[in-house]
Amino acid sequence: MNSPEWAVVAEGLRKQYGDTVALDGIDLEVPKGTVCGLLGPNGAGKTTAVRILSTLLRVGGGQAKVAGFDVVRQGADVRRNIGLVGQNAAVDEILSGRQNLVMFGRLYHLTPKASARRADELLAQFGLADTGSKPVSQYSGGMRRRLDLAAGLILAPAVLFLDEPTTGLDPRGRNEIWASVRALVATGTTVLLTTQYLEEADQLADRISVIDHGRVIASGTPDELKTAIGGDRIELVLHNAADLGRAAQVVEHAVGETVTTDEDGRRLSAPVRERVLALTEVVRALDDAGIAAEDIGLRRPTLDEVFLRLTGDREHQEAA
Amino acid sequence: MTSIRWAAADGWTVTRRYLTHLARQPFQVVMMVAFPILMMLMFGYLLGGGMVVPGGGNYLDFLMPGMFAMTMLFGMSTTMVAVLDDAAKGVTDRFRSLPMAPSAVLVGRSTADMLNSAIGLAAILGCGLVVGWRPHGTVVETVAAIALLLLLRFALLWIGIYLGLVIKTPTMVPLVQTLEFPIGFLSNAFVAASTMPAWLGVAAEWNPLSSTVTAIRDLFGNPGAGGDSWIAGHATLMAAVWPVVLLAIFAPLSVRRYRRLSN
């Protein structure tokens with residue numbers, strides 16, 4: 001629990017609202033300078049965990065340390081060492097971007113001069129220097145989020161909490177946020193990120209903890225998790241249903257895995273390991289065999305599949 | 001710096017946020033007094049001809065103190081909406097995640113709203129002067145009347161903060177705003193309680209708003225002050241007691257509610 005290399009440690013974190021158990025004993029260990037992704041559906045307990053770790057919510061049970069400080073007994077110290085970026089862009093819409101950052105700087109107890117300097121630095125860092133004097137209500141969704149992120153970084157915090165930082169953003173806004181987070185991590189900030197998107201966790205996180213019903217049901221690197229749930233699949237739709245049997249043999253030979261067929265949909269699929277290599281080989285083999293395909297593609301497992309698979313595994317284990 | 005000085009500094013930083021709002025949106029001040037002015041014109045000119053002021057006197061002179069108190073009353077939902085908005089947008093949570101004095105959020109809110117109300121009150125007093133209303137008391141009495149109005153606003157402010165922390169969903173906002181009307185009309189702001197059915201008159205006289213209105217009518221030397229009942233006879237005392245009682249109830253409730261955000 002006191003180990004210096006952990007930025008965030010939680011042991012058996014619990015939280016209950018009336019009869020509803022929001023967190024049912026969560027363990028987390030986030031090494032310094034890494035990104036930990038909390039992946040899970042709505043209501044899984046991700047936000048509750050972040051709110052407890054950032055001292056917004058009282059601990060129901062268990063214990064946690066953030067940046068070396070106990071979240072219960074040393075709340076003020078924790079708050080001095082964290083940045084929190086919640087689900088909403090929690091900035092003042094009437095104030096300008098710069099006025100927001102100066103205000104938050106003052107509330108972090110920087111001097112007026114230091115607040116102004118830090119505000120200008122952050123505006124430049126997040127590409128908002130030109131729009132710093134405009135009211136936030138005129139910002140795009142991505143710009144608001146970047147300002148929100150900047151406000152969480154005023155003291156260059158040891159630990160940054162990002163609660164679904166890209167929910168509701170368009171792809172451009174999402175890319176902007178991802179780039180900002182990567183740049184931060186490069187400077188040594190530890191990030192605890194919650195997301196509903198497997199892709200986001202995959203893009204940013206060094207390790208992922210999958211949360212469901214207030215419990216960690218799986219954790220590991222993105223690659224470990226993907227391997228654990230079976231990885232990518234190749235999917236084909238044939239032109240002619242009569243080719244299905246022959247095509248199945250060809251694909252099975254090309255990828256070396258068991259093929260699943262669906263006669264009504266003229267469809268077949270198989271797991272693949274080397275994505276592009278498998279695709280090229282399947283296309284070549286079908287061509288050689290003279291089988292026409294209407295559609296062919298690689299598909300990553302969706303979050304639904306991850307959950308179905310992981311929760312299925314757990315139920316299977318509990319039954320055994 | 002000591003923690004008390006930090007608390008004051010943080011409170012002022014949050015206050016300045018709202019003052020910047022006013023500076024960036026000066027139109028908000030117009031909005032704040034537009035409705036009381038509309039009511040003043042409606043009641044003063046449209047309906048005023050049919051109004052009887054007990055003991056005689058000009059209806060507009062009778063009405064204006066009521067309008068001043070109504071302006072203070074409408075401030076309650078303004079505060080509530082602001083508190084609700086900050087909570088809904090996550091701004092309150094951001095403040096709570098900062099190493100700032102926890103008191104600053106509520107202190108800043110109340111200080112800013114008081115400054116805001118003072119500006120609004122000045123605007124509506126100015127409108128009164130324009131339509132011919134005059135304070136006839138001494139300077140001390142006039143200042144006392146204004147102080148009683150601001151005291152009422154301060155008490156209503158904490159009801160607004162409490163409601164903003166309690167209701168959580170914006171769908172309840174119109175309900176509270178609508179409820180301000182019966183509270184306003186069930187007072188002696190527009191008509192004397194003596195003209196109402198007996199039981200309704202009693203209810204109106206015991207409305208905290210009525211004590212302030214009666215007290216400031218007296219202090220401004222406007223018609224319609226006084227009355228036969230105990231509560232009307234002790235209006236100046238009650239204009240101080242009511243807000244203090246409301247404050248004693250709602251300020252601790254608001255603080256408790258704010259602390260319980262972390263439950």
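Sort out which residues of the range B:228-263 are in contact (Cβ under 8 Å) with a residue 60 or more places away in the chain, away from chain A (no Cβ under 14 Å) and small (Gly, Ala, Ser), and write them in order of number.
Once the filter is applied, which keeps residues that are in contact (Cβ under 8 Å) with a residue 60 or more places away in the chain, away from chain A (no Cβ under 14 Å) and small (Gly, Ala, Ser), the range B:228-263 yields B:Ala239, B:Ala240, B:Ala251, B:Ser254.
Examine the range A:115-129 for a residue that is within 29 Å of the chain's Cα centre (by Cα), surrounded by 18 or more Cβ atoms within 10 Å (Cβ to Cβ), more than 14 Å from every other protein chain (Cβ to nearest Cβ) and part of a loop (DSSP other than H, G, I, E, B), and state whether such a residue exists.
Checking the range A:115-129: at least one residue is within 29 Å of the chain's Cα centre (by Cα), surrounded by 18 or more Cβ atoms within 10 Å (Cβ to Cβ), more than 14 Å from every other protein chain (Cβ to nearest Cβ) and part of a loop (DSSP other than H, G, I, E, B).
Among the residues of the range A:13-23, are any over 21 Å from the mean Cα position of the chain (by Cα), among the aliphatic types (A, V, I, L, M) and under 13 Å from A:Arg215 (Cα atoms)? Walk me through it before giving the result.
Initial filter on the range A:13-23 (over 21 Å from the mean Cα position of the chain (by Cα)): A:14-21.
Right, trim to among the aliphatic types (A, V, I, L, M) and you get A:21.
Add one more test, that the residue is under 13 Å from A:Arg215 (Cα atoms), and what stays is A:21.
Within the range A:13-23, one or more residues are over 21 Å from the mean Cα position of the chain (by Cα), among the aliphatic types (A, V, I, L, M) and under 13 Å from A:Arg215 (Cα atoms).
What are the residues in the range B:135-153 that are in a loop (DSSP other than H, G, I, E, B) and either in contact (Cβ under 8 Å) with a residue 60 or more places away in the chain or surrounded by 20 or more Cβ atoms within 10 Å (Cβ to Cβ) (or both), if any? Write out each step before concluding.
Start the filter on the range B:135-153 by keeping residues that are in a loop (DSSP other than H, G, I, E, B), which leaves B:135-138.
Once the filter is applied, which keeps residues that are in a loop (DSSP other than H, G, I, E, B) and either in contact (Cβ under 8 Å) with a residue 60 or more places away in the chain or surrounded by 20 or more Cβ atoms within 10 Å (Cβ to Cβ) (or both), the range B:135-153 yields B:Pro135, B:His136, B:Gly137.
For the range A:58-114, give me the residue count where each residue is of a type in the set (Val, Ile, Thr), more than 7 Å from chain B (Cβ to nearest Cβ), in contact (Cβ under 8 Å) with a residue 40 or more places away in the chain and surrounded by fewer than 21 Cβ atoms within 10 Å (Cβ to Cβ).
Matching residues across the range A:58-114 total 1.
Could you please let me know if B:Ala87 is within 14 Å of chain A (Cβ to nearest Cβ), farther than 23 Å from B:Leu246 by Cβ and either touching a residue at least 12 places away in the same chain (Cβ under 8 Å) or out of contact with any Pro (no Cβ under 8 Å at 6 or more places or on another chain) (or both)? Walk me through how you get there before you give the answer.
Details: within 14 Å of chain A (Cβ to nearest Cβ): yes; farther than 23 Å from B:Leu246 by Cβ: no; either touching a residue at least 12 places away in the same chain (Cβ under 8 Å) or out of contact with any Pro (no Cβ under 8 Å at 6 or more places or on another chain) (or both): yes.
Spelling it out, it is not the case that B:Ala87 is within 14 Å of chain A (Cβ to nearest Cβ), farther than 23 Å from B:Leu246 by Cβ and either touching a residue at least 12 places away in the same chain (Cβ under 8 Å) or out of contact with any Pro (no Cβ under 8 Å at 6 or more places or on another chain) (or both).
In this structure, is A:Thr227 touching a strand residue (DSSP E or B) at 6+ places or on another chain (Cβ under 8 Å) and not hydrophobic (A, V, I, L, M, F, W, C)?
Details: touching a strand residue (DSSP E or B) at 6+ places or on another chain (Cβ under 8 Å): no; not hydrophobic (A, V, I, L, M, F, W, C): yes.
Here the answer is no, as A:Thr227 does not meet what is asked.
Confirm whether B:Thr15 is β-branched (Val, Ile, Thr), out of contact with any Asp or Glu (no Cβ under 7 Å at 6 or more places or on another chain) and within 14 Å of another protein chain (Cβ to nearest Cβ).
Values: β-branched (Val, Ile, Thr): yes; out of contact with any Asp or Glu (no Cβ under 7 Å at 6 or more places or on another chain): yes; within 14 Å of another protein chain (Cβ to nearest Cβ): yes.
In short, yes.
Are any residues in the range A:145-163 in a helix (DSSP H, G or I) and farther than 12 Å from A:Gln87 by Cα, and if so, which ones?
A:Arg146, A:Leu147, A:Ala150, A:Ala151
For the range B:25-59, enumerate the residues that are exposed (fewer than 15 other Cβ atoms within 10 Å of the Cβ) and assigned to a helix (DSSP H, G or I).
The answer is B:Phe27, B:Val30, B:Met31, B:Ala34, B:Phe35, B:Leu38, B:Leu41, B:Met42, B:Tyr45, B:Leu46, B:Gly49, B:Gly50.
Which of the following residues is part of a helix (DSSP H, G or I), buried (at least 19 other Cβ atoms within 10 Å of the Cβ) and within 20 Å of the chain's Cα centre (by Cα): B:Pro243, B:Pro252? Lay out the reasoning, then the answer.
Details: B:Pro252 fails: buried (at least 19 other Cβ atoms within 10 Å of the Cβ).
Every option except B:Pro243 fails the conditions.
Can you work out which of the residues in the range B:94-122 that are in contact with a Lys or Arg (Cβ under 8 Å, 6 or more places away or on another chain) and within 13 Å of another protein chain (Cβ to nearest Cβ) is farthest from B:Leu261 (Cα to Cα)?
Only one residue fits best here, namely B:Ala112.
Read the figures in this text as sums done on the coordinates, not as results from a lab. All values reported here derive from a predicted model rather than from experimental measurement. Quick reminder, even Gly has a Cβ in these numbers, built from the backbone with ideal geometry, and neighbours come from all protein chains shown.
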